[in-house]
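FYI, it's all coordinate maths here, none of it is from the lab. Keep in mind that what you see is a predicted model, and the values were worked out from it rather than measured. All Cβ positions, even for glycine, are placed from backbone atoms using ideal geometry, and neighbour counts span all protein chains on display.
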Amino acid sequence: MNEKLMSLGMIETYGLPALIAAADAAAKTADVKVKTYEKVDAGIVTIYILGDVAAVKAAVDAGAAEAKRVGKLLSTHVIPRPDPSVHAMIQEAWLSNQPKASSKEEPNKGQALPERLTTDWSKMSVVQLRELAHNTPQFPIAGRDIQLVSKVELVRLFTEMDAQGGDSVT
């Protein structure tokens, strides 16, 4: 999917069961990616769906119907071609929802992250950059050394990886 042509769909529910049912129905209905979810407050949760316009509309409609059946649907919305800064915001939400590795566990090194959206690396926090570095296969710095690298250096490394084709950072 061409990231510049991706549409953004949102389904907001009250309660996690309705949200999970909506995400499942959306993913099974069309060729879309259920990118992330966000907890708002007092049981309100939202999922973000990416894909082409028609697929996202179909997925959001199916997800909304399933959310109504299982629980409480609060709202839905589809943005046909959001501004790149909106994609960056969704990427940051995705990063903030990633589980933190405990001190006894090694992060999921070698697992590919979902398709990356256009990102302004400098807008991310050093914590987010380090987490992404830990989870990026073939990142030039490994292990505990990532914790010693400054934000400026992490931004430089991610920018260089993007310039070399972007396949290394997904």
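Computed from backbone phi, the HN-Hα couplings of segment 38-50 come to 9, 8, 8, 5, 6, x, 8, 9, 10, 10, 10, 10, 10 Hz, rounded to whole numbers (Karplus: 6.51 cos²θ - 1.76 cosθ + 1.60, θ = phi - 60°; Gly and Pro given as x). Quick one: which of 33/123; 57/123; 33/68; 28/72 span more than 26 angstrom between C-alpha atoms? With Cα atoms farther than 26 Å apart: 57/123.
Distance between the 7 Å Cα→Cβ label points at residue 160 and residue 89: 3.3 nm. Remark on segment 18-59: ratio of C-alpha radius of gyration to 2.2 N^0.38 Å is 1.15.
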